[in-house]
Structures are given as structure tokens and as C-alpha cells.
Amino acid sequence: MLTLISVVVAAIIFEYSNGFHDAANAIATVVSTRVLTPRKAIAMAAFFNLTGALFGGAVASTIGKGLVDTDIITMTTVLSAVIAAFAWNIATWWLGLPSSSSHALIGGLCGAALAAARGNWSVIKWNAGMWPKVVVPMITSPLAGFILGGLLMFLLFVALRPFTPHFIHSLFGKLQIFSAAWMAHSHGTNDAQKTMGIITLALFTGTKAGSFDHLPDWLHFLKTPVFALPKWVIGLCALTMAIGTAAGGWRIIRTLGHRMVKLQPVHGFAAETTAAVIIQAASYYGIPLSTTHVITTSIMGVGAVKRFSGMKWTVVERIIWAWLFTLPASGLIGYALARAAAAAL
């Protein structure tokens, strides 16, 4: 029971960190273009992250039972995975790098599962889970963000050529509020689901192992004989992500909204709309996408069309290195934690 409490607490802390780490995903552009004040933007992002988190469950199922063999998973394994993801989140947040909370959690889970299986790589579901739902989207979704963001920006340039800059700024100053809200909602439908999946995996594992057989009746809600998201888990994770988002993520907001390229409302609208469409589609198909990767490359695509030489490619290079290291680094941390826990027991 103590291990379960530790898992839930660690998962909630991770979800909170996910909220403030990824708050920039939805509001960096709307803040940098001065369409909304930072306080209003964060309040809006918190609300729409909450609404998004309350819908769907396909991504949670992928995280909880689609990536690793659940027969080898224990609550200690899950705890190691969450701590590993949280550690990587904090490290990249401190450096102001928009790395992927999703990939940190996936890496931590795979590393911890590998340790539990004593180095047997077959514990990871490569063909059915990791390859089609993590590795391939990790490559294709940033490319899609860059290409579609650039394409939408080019089409807007062509369509808006007859209009005055004042009209364009005024129109997209209003439209960007809606695109930022949609981006925040999409983020909630994908990212909040991941922690829901982890907590449900711990409950499912504990139930299967008989850990809850002697609990009093008032704790019967913990029993999860089949992998299905309990309503209390959905509500808890949704609320936690909203609170975390409300805390803000100013370091990453500065990186995405100011350091890569100077944006105006029309550019922010194009980047947010592109990212929201891609993330919403991925959530529908249960793909645990990196929302950070998508919005970042959408901004890159828009910025490259705006003025290729205006892009600060040294900042982009730092971001890409953080992306490349996230899965292996969090996996290594998860593996080390799970091995240490096994040795201590």
C-alpha cells in the first residue's frame, strides 16, 4: 500500500511538473505577440488543459499497456519510471529547454521495465507499441509541424497580401486567442492522459498481485481488475495538470516565444493551429505524441517562411539535442532506479 501511495504521489508531482513544463506549448506565442498578458494566457491555458484532459483515453491505454509487457511490471517499476521522468523534466526545465515530458515518461517506463526483466529486451513491445506509436511519430510529427506550419504561413501570406498590416494584426490578434485555446485543449487530450495511464497501470498491477485483497471496503475504488481508467484518476490528473499549468513555465516560454524567432499574431495563429491539428489527430489514434516537439517545429516552420535568416539556429540546435537525449537519458535513469530498488528489497 505504501508503494502505491508513493506511485500516486510521484505521478501527481510529475503531472504538476508536466503542467508548468509544457505550459509554454500553448501560450508562448500568444504571450510573445502580446495578444494576452502572461497572467491571462496562463489562466486560459490552465482551463483548456483541464477540459482537454477530461476527454478521451486512447493515449492512456497506450502508455499503460501498449508499450511494455504488463506481466513483468510491479508498482516499484512504475515508481522508478515516474521519478526518472520527473528528474529529466526538472533538469531540462532548469536549462530552459522544451524537451518532451511524454518521451521522458516513456523512456523511464521502458528503462524500469528492462531492469525488472533483467535486461530482456523482449519486455518492450517494439512492433505493436514502441515503433509505430513512439519512434515513428517522434520523427514524423516534428517534420509535419515544420512543413505544415510553413505551408499554412505561406498560404496566409498569399491570401492576406491585399490587406493592410493594421487589419491583419487586429484580425489575428483575436483569432490567436482561439488558436491558443485549441492548442491548450489539444495538449490536455494528449499529455494528461499519460499520467492517467501510469496510475492505472499501478492500480492494475497491484490488483493482479493481490496487494489490495485485504483493504477495507472504503478503499474498494483502488481495485482495478481490468485496465480501464477510473473516474477519480481522470479527475485527479486533469486538475493537477491545470494547477501545474497555472504555475507557468517562464524559462521555456522565453525560449519558444522570444529566443527562436520574433513572432506577430498571424505567425502565432499559424503555429498554434498547425500544432493543435496534429496533436488532436494523434490523440484520437492513441499516439502519445510529444506536444513540445510539434509546437516547437511549427514555430520553426512559420519562422522560416517569415524570414529564414531570422531564425536563431543555435537555439534550435540546443533544443534538438535535448530531444535526442530524452528517451535514452530518462531510460537510463529509470533502469538505474529500478535496479537500485531491486537490490534494496
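The values are calculated or read from the model by the stated rules, or taken from the named source; none is laboratory data. Fair warning: this is a prediction, and the values are worked out from it, not measured in the lab. So basically every Cβ, Gly included, is an ideal-geometry build from the backbone, and we count neighbours across all protein chains shown. Just so you know, the surface numbers come from the protein's heavy atoms only, side chains and all, with ligands and any DNA or RNA stripped out. Shrake-Rupley method; radii C 1.70, N 1.55, O 1.52, S 1.80 Å.
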message: Within the range 30-47, does at least one residue satisfy the condition of being crowded, with 22+ Cβ neighbours inside 10 Å, in contact (Cβ under 8 Å) with a residue 60 or more places away in the chain, assigned to a helix (DSSP H, G or I) and touching a Pro at 6+ places or on another chain (Cβ under 6 Å)?
response: yes
- line: In the set Val82, Val31, Val59, Val35, the lone residue that is β-branched (Val, Ile, Thr) and closer than 18 Å to Pro230 by Cα is Val59
message: So, Ile234, is that one part of a loop (DSSP other than H, G, I, E, B), at pLDDT 85 or above, closer than 30 Å to Leu4 by Cβ and open to solvent by 20 Å² or more (accessible area, probe 1.4 Å) or not?
response: no
statement: Of the residues in the range 248-294, those that are within 13 Å of Ser141 (Cα to Cα), part of a helix (DSSP H, G or I) and modelled with pLDDT of 85 or more come to Thr274, Ala275, Ala276, Val277, Ile278, Ile279, Gln280, Ala281, Ala282, Ser283, Val294
query: For residues in the range 89-145 being in a loop (DSSP other than H, G, I, E, B) and among the hydrophobic types (A, V, I, L, M, F, W, C), which is modelled with the lowest pLDDT?
result: Leu97
task: Could you please tell me which pairs satisfy a Cβ distance under 6 Å, a separation of 6+ or placement on different chains, a first residue in the range 121-137 that is buried (at least 18 other Cβ atoms within 10 Å of the Cβ), and a second residue that is among the hydrophobic types (A, V, I, L, M, F, W, C) and in a helix (DSSP H, G or I)?
output: Val123/Ile72; Val123/Ala113; Ile124/Cys110; Ile124/Met130; Val134/Ile106
statement: Of the residues in the range 1-27, those that are at pLDDT below 80 and among the acidic types (Asp, Glu) come to Asp22
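Picking from Leu160, Leu155, which residue would you name as being touching a residue at least 40 places away in the same chain (Cβ under 8 Å) and surrounded by fewer than 19 Cβ atoms within 10 Å (Cβ to Cβ)?
Leu160
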